[in-house]
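All of the numbers you see were taken from the coordinates with simple rules; none came from a lab. No experiment lies behind these values; they were computed from the predicted model shown. Using ideal geometry, Cβ is built from the backbone for each residue, glycine included, and neighbour counts are taken over all protein chains shown.
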Amino acid sequence: YERVAEMTEIAPMKAAASNNLAWLYSQDEGQLDLALENAEKALELAEPNPRTGWKDGNILDTAGWIHYKMGNLDEALKHIDQALKTMPYHPTIIYHMARVYEDKDEPRVAAHLYHKALTYSEDFEEAGDARQRLQTIRIAEREKEEAGGETSEEQDQP
């Protein structure tokens, strides 16, 4: 932590180092406030892409994932959605978006996103969890159908 923290003071590396420090802190549930503080610093320091005006997708994803871990689903969705606009084929970011939708009780959207992440890469870091969650959602949807209940797909129909 200390070496990464030192790097947050080197001008050209400030945003990336703050983002890395945020990610490191986010691995410890007791450090989420520090993680968010560093993620917000990284967002503030990150230069927007001159062509699109968007911030770095990795930094946006880190901030979104920390918000997710803190239970701030709307903030998580906002940041991760922006991250996906900059990095639309990144399976971990897609997985993070799926987790948000799963927690927002939108299993159909989550299942679509888990499948999409696994389509882009079968072996990204969270692939095993994505497969398991996708299977769990599909089983639950099948059981609803067999019980005669509405599936989330039917609930989405006008």
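Take the residue pairs 78/116; 14/116; 69/116 and return only those whose Cα atoms are more than 27 Å apart. All intermediate terms of the calculation are to be shown ahead of the outcome.
Numbers: 78/116 19 Å; 14/116 33 Å; 69/116 22 Å.
Over 27 Å Cα-Cα: 14/116.
At 0.890 mPa s and 25 °C, plugging the Kirkwood radius over alpha-carbon pairs of the chain into Stokes-Einstein gives what diffusion coefficient in µm²/s?
Working: Rh = 16.7 Å.
Diffusion coefficient, whole number: 147 µm²/s.
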**Request:** Kindly provide the helix-only [θ] at 222 nm of the chain, computed as the sum of -39,500 (n - 2.57) over DSSP H runs of four or more divided by all residues, to the nearest 500 deg cm²/dmol?
**Result:** -22000 deg cm²/dmol
**Item:** Positive-end extreme of charge dipole, the chain - chosen from 54, 18, 83 (charges on Cβ)
**Value:** 54
**Message:** Within region 79-120, name every residue whose backbone N is under 19 Å away from a label modeled 7 Å from Cα of residue 131 along the Cβ vector.
**Reply:** 91-96, 98-99, 111-120
**Request:** Answer rounded, prolate or oblate for region 9-98, using the Cα gyration tensor with square roots of eigenvalues a ≥ b ≥ c: rounded when a/c is under 1.5, else prolate when a/b is larger than b/c, else oblate.
**Result:** oblate
**Asked** If you stretched the chain out fully between residue 146 and residue 124, how much longer would it get, using 0.36 nm times the residue separation minus the C-alpha to C-alpha distance?
**Response** 4.6 nm
**Message:** Quick one: 3J(HN,Hα) in Hz for region 49-63, Karplus 6.51/-1.76/1.60 with θ = phi - 60°, rounded, Gly and Pro as x.
**Reply:** 4, x, 7, 9, x, 8, 7, 4, x, 5, 5, 4, 5, 4, 4
**Request:** Can you tell me the dipole magnitude for the chain around its Cα centre, using point charges on the Cβ only (Lys, Arg +1; Asp, Glu -1), in Debye to the nearest 20?
**Result:** 500 debye
**Fill in**
With label points set 7 Å from each Cα along the Cα-to-Cβ direction at residue 85 and residue 49, the distance between them in nm comes to 1.0 nm
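Measure up 41/104; 104/144; 85/144; 55/104 against 23 Å on the Cα-Cα distance and list the ones that go over.
41/104; 85/144; 55/104, as the Cα separations exceed 23 Å there.
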